[in-house]
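These notes are about the structure you will find just below.
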Amino acid sequence: MNNAIPYGRQHITEDDIEAVVEALKSDYLTQGPRINEFEEEFANYVNSKYAVAVSNGTAALHLCALALDVKPGDKVITTPITFAASANCVRYAGGEVVFSDIDPDTYLLDIDKVRKLLDSSPKGTYKGLIPVDFAGRAVNLEEFRELANEYGLWIIEDSCHAPGGHFIDSKNQKQLCGNGQFADLAIFSFHPVKHIASGEGGMITTNDKELYERLLGIRTHGIVKDNSRYKNTIGFAGGNEEYPGWYMEMQELGYNYRLTDFQAALGSSQLKRADEGLEKRREIAEKYYKAFSNNDFVKGQSGVIEGHAYHLYILEVENRLGLYDYLREHKIFAQIHYIPCHLMPYYRGLGYQEGDLPIAENYYRHCISLPMYPTLEEAEQDYVIAKIKEFYNG
């Protein structure tokens, strides 16, 4: 195989390029009509009422924490097997992150272990949960919602890996990731290796109008221009008559977490073929699953799962480092997702140590993410499979 095979890759088409060029030639590079268009299209895609486009997934998480009024000392539970931003957003707002272990079969936050954490402390100790649809596998948020209601918690669904993913609820209904039925807020990322790419970018979805309106404000410096929402705290000559078109108010401390119009144009273009890409990812996953079933060197794998969005396809293997190096020698750039957050030096400095979350730590010792993206060619996948088997079987 002459060309390098990465674990993930963006797919930019001529339609994408045309959409961006059209936006660049328009009157608006930012804060223009394409933002609202992308938001409406994405909300329709995940079946939520509202969507707010932002500069990246981390910004989305930070804004969610602010909108939910995370304050210093507030304790929030999340998984250690995720990108650090899932936890960091709590710290940005001054809250305390509490990591809970994963289910060894799903790699998702284990609801039974979360319940034990909640049961072991007085009610009110914890404020919220951040479950993660890790690798594209949807968390059963119906179950987490019941638990959250019992303890008075909010939920942020980190669905960066799972646009188009779903789980089946107790009524046998399909529940799309980010649809707002069970989580207060959900977030997505449009980083190049994700299902939908806009260069950088993110989205927050919700069914809560009050949270939606607050997000719109704090996304843009806390400034509001909607006359119906003014508190008339500044005033101007003429008293209380109708506000002029130039008037605005900064009602709270916000941020500049806006997305540009040309990024939104790229996102909208990519969204049009999101289902096609998802179908291809599932085909690739099925082939990996069949290839690695009944192999002694495989301790676990992502498998073929209802509703899985397959941002990643993960194998758990012995001698993971040896395999990783061998694949790189053959131009296959597999990746590791993730070093457990609680073992990062920053979180060790807050008191976490090795042995605290043994299932997550054991998973990390064995996991490797295989190439997974819609433009992965059949011959390339065959090559990846052959090299993995060659490493273990000679």
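Couplings 3J(HN,Hα) for the stretch 324-330, derived from phi with the Karplus relation 6.51 cos²θ - 1.76 cosθ + 1.60 (θ = phi - 60°), are 4, 5, 5, 5, 5, 4, 9 Hz, where x marks Gly and Pro.
The alpha carbon radius of gyration of the stretch 327-394, expressed as a multiple of 2.2 N^0.38 Å, is 1.48. Non-local lysine pairs in the stretch 1-137, meaning eight or more places apart or on different chains, with alpha-carbon distances under 17 Å, amount to 8. Taking every DSSP bridge with both residues inside the chain, close to 60 percent are antiparallel.
Each of E142 and H366 was given a label point 7 Å from its Cα along the Cα-to-Cβ line. The distance between the two points is 3.0 nm. For E316, the solvent-accessible surface with a 1.4 Å probe is about 20 Å², rounded to the nearest 10.
What is the total of Lys pairs in the stretch 130-226 with C-alpha atoms under 30 Å apart, excluding same-chain pairs fewer than 8 positions apart? Walk me through the numbers on the way to the answer.
Numbers: K171/K209; K174/K194; K174/K209; K194/K209; K209/K225.
Close lysine pairs under the 30 Å cut-off: 5.
Using 0.36 nm per residue, how much length does the chain from E40 to T13 gain when fully extended, once their Cα-Cα distance is taken away?
Difference between extended and current length: 7.5 nm.
Under 5 Å from the amide H of I5 lie the amide H atoms of I332, F333, each residue being 5 or more positions distant or on a separate chain, with H modelled from the backbone and absent for Pro and chain starts. Taking only the C-alpha atoms of the stretch 34-74, Rg followed by Dmax gives 12.5, 39 Å. Applying 1/(1 + (r/R0)^6) with r as the Cβ-Cβ distance of N256 and Y289 and R0 = 35 angstrom yields a FRET efficiency of 0.20. Computed over neighbours whose Cβ is under 11 Å from that of K116, the net charge equals -2, Lys and Arg +1, Asp and Glu -1. Computed from backbone phi, the HN-Hα couplings of the stretch 45-52 come to 5, 9, 6, 9, 6, 9, 9, 10 Hz, rounded to whole numbers (Karplus: 6.51 cos²θ - 1.76 cosθ + 1.60, θ = phi - 60°; Gly and Pro given as x). State, as an integer percentage, the relative contact order of the stretch 239-372 based on alpha-carbon contacts under 8 Å between residues 6 or more apart. Contact order relative to length: 24 percent.
Contact order for the stretch 79-124, expressed relative to its length and based on alpha carbon pairs under 8 Å spaced 6+ residues apart, stands at 33 percent.
Across the alpha-carbon set of the chain, the Rg to Rh ratio works out to 1.00, Rh being the Kirkwood radius. With the convex hull of its Cα atoms as the shape, the stretch 299-351 has an orientation-averaged projected area of 5.7 nm². Computed over the stretch 61-184, the P(r) curve from all C-alpha pair distances, binned at 5 Å from the origin, holds 2, 12, 23, 25, 22, 11, 4, 1, 0 percent per bin. As an equivalent ellipsoid, the stretch 137-230 spans semi-axes of 26, 20, 10 angstrom, where each value is the square root of five times an eigenvalue of the C-alpha gyration tensor, largest first. Between T30 and K389, residue separation times 0.36 nm minus the direct Cα-Cα distance comes to 124.3 nm.
Here's the list of aspartates and glutamates a cross-link from K287 could span, going by alpha-carbon distance under 20 Å and ignoring same-chain residues fewer than 8 apart: D105, D275, E276, E279, D296, E306, E316, E377, E378, E380, D382, E390. Counted residue by residue at 0.36 nm each, then reduced by the alpha carbon distance between them, the extension gain from E22 to S121 reaches 30.1 nm.
The values are calculated or read from the model by the stated rules, or taken from the named source; none is laboratory data. Bear in mind the structure is a predicted one, so any value in this text is a computation, not a measurement. Neighbour counts run over all protein chains shown; Cβ positions are idealised from the backbone, glycine included. Side chains included, ligands, DNA and RNA excluded: accessible areas come from the protein's heavy atoms. Shrake-Rupley method; radii C 1.70, N 1.55, O 1.52, S 1.80 Å.
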